[in-house]
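The values are calculated or read from the model by the stated rules, or taken from the named source; none is laboratory data. Computed from a predicted structure; not experimentally measured. Backbone-built Cβ (ideal geometry, glycine too); neighbour counts: all protein chains shown.
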């Protein structure tokens with residue numbers, strides 16, 4: 001996560017109920033954008049290195065060539081039609 005954090009603080013005023021205090025706190029958190037920021041970076045992955053990209057591209061080219069070769073020889077397995085969602 002980021003180095004800077006935003007702390008949301010709410011003080012209970014006078015004869016305010018706990019439920020109302022909790023409601024105010026929830027609104028403050030939502031308006032500060034802390035949760036949206038955390039949720040947006042939750043599943044963030046690193047970018048692939050150039051070498052990794054090249055290797056995956058080469059593997060793809062080899063697999064595609066093999067598939068084309070099998071298609072010319074007529075040895076490809078029969079594909080069943082996929083049904084979409086209803």
* To do: Name every residue in the stretch 39-63 that is in contact (Cβ under 8 Å) with a residue 12 or more places away in the chain and either in contact with a helix residue (DSSP H, G or I) (Cβ under 7 Å, 6 or more places away or on another chain) or assigned to a helix (DSSP H, G or I) (or both), in order of residue number.
  => none
* Structure fact -> The residue from 54, 72 that alone is exposed (fewer than 11 other Cβ atoms within 10 Å of the Cβ) and not assigned by TED's automatic domain parsing to the domain that holds residue 6 is 72
* **Out of 63, 83, 46, sole residue that is farther than 30 Å from residue 9 by Cα and surrounded by 10 or more Cβ atoms within 10 Å (Cβ to Cβ)** => 63
* For the stretch 23-34, name all the residues that are surrounded by 11 or more Cβ atoms within 10 Å (Cβ to Cβ) and either in contact with a helix residue (DSSP H, G or I) (Cβ under 8 Å, 6 or more places away or on another chain) or part of a helix (DSSP H, G or I) (or both). => 23, 24, 25, 26, 27, 28, 29, 30, 32, 34
